[in-house]
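See structure below.
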Amino acid sequence: MITKVMQRSLGANRVERVILFAVLIALFSLLTPIFAASFGAAEIGVKQVIDAIVGALSGESSGSVTSRIVMELRLPRILLAFIAGFGLAIAGTVLQTVTRNPLADPYLFGISSGASFGAVLVITLLGNSETMSGTLPSSLINSISLPMGAFIGAGLSVLMVLALCGRAMSTQIERMLLSGVAVSFMFGALTSLLLYFSGPQAAASVLFWSLGSFAKASWAGLTLPLVVIGLATAIILLSKRQILAMKAGDETAHTLGINVQRLRLGMLLLCSLITAVLVANCGGIGFVGLMIPHMVRLLLPGRFALLITGLVGGLFMIWIDVLARCLLSYQELPIGIITAVIGSLFFLFILATKRRG
């Protein structure tokens, strides 16, 4: 009797902690865009940001410079940063679960490098061709061809990692990690080769993808990432029970009637699609999918809090973008550099913790 009471008390405490954490994240999510929009080269106060947003929502926008900066430059950038962080955190969570590898990440898995190679291939092949000035608008071709090329490259990298790992994916973490690193270096070398033989204009365009940035964010450009990541998240939530069953091992999942190979391949391709769309819009941003799931698991142990993980990833990316805009005067640091520095330290921390364990 005492044991049952203690178990109920522990369960109630866990539920209360999850609810409190979710409420804090939701409140922080509402306040973050307002405060983040006040940072930048132009000094804009929080009240001015609120007035600009309220004026745009009510249809009474003043059309001032401040209002245009907030609504046309900073808010699309903030939303793209949130979508990117959300998607990368979701992809990292799914990769770590279906592969049972705590070090799995779109960047370390080679998916980002494959997507970057596909995007660079599209730029170098179509960037100076007559197709770009044909009947279809250039922006429409970019919105279709870049994500498609990035997805093909990301899917190819996943298939190569699967082929290198074979049946040992869920048991030999080191082999999988080395396979991902090898595939990443291979696609990085192919990307450098394409740049070597391309013109200076194409090389300058590729710099956007190689370093990572939200500078080209626009309201029209948010549609594709929002739709793709929203649908991918819905599919992952519908498959939540099957994904959680794989945490207990392939044999256990088989006994529950789950086609492990098909589910794993489907989730890997879905993560490739998420990564490809984000790479096509904001470049290669690494280690976010590695750090955020681990942070959420430390705060909420034993739970598959997918939406909370995505929210934390989105908020993290917004403030990383603020740091990139404000760290240097009249300059903007690439997002990928900042996340690489933080992520590499976090990666070493995980390795050290795993070795002690």
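Only the coordinates and a few stated rules stand behind these numbers; no lab work does. Quick caveat, the model's predicted, so the values are computed rather than measured. We place every Cβ from the backbone using ideal geometry, glycine too, and count neighbours over all the protein chains shown.
If R₀ is 51 angstrom, what is the calculated FRET efficiency for the pair S64 and F197, using the beta carbon separation as r and rounding to 0.05? Step by step, r from the Cβ atoms, then E = 0.60.
Dipole magnitude for the chain: computed about the Cα centre from +1 point charges on Lys and Arg Cβ and -1 point charges on Asp and Glu Cβ, it is near 1380 debye. For the chain, the residue among L306, P106, V54 whose Cα projects farthest onto the positive side of the dipole built from Cβ charges is L306. With coordinates expressed along the principal axes, the C-alpha atoms belonging to the chain extend over 68, 50, 37 Å, beginning with the largest. The fraction of all Cα pairs in region 197-338 landing in successive 10 Å bins from 0 to the largest distance is 10, 32, 33, 17, 8, 1, given as whole percents. Taking T97, T191, T223 in turn, the Gaussian network model of the chain (Cα-Cα springs below 10 Å) assigns the largest fluctuation to T223.
Using just its DSSP H runs of length 4 or more, each adding -39500 (n - 2.57), the chain gives a mean residue ellipticity at 222 nm of -25000 deg cm²/dmol after division by all residues. Close lysine pairs were tallied over region 2-356: pairs 8 or more places apart or on different chains with Cα atoms under 29 Å apart number 5. Extension gain, L20 to L226: 0.36 nm times the residue separation minus the Cα-Cα distance gives 71.4 nm. Spin-label model, L323/A42: points 7 Å from Cα along the beta carbon direction are separated by 2.7 nm.
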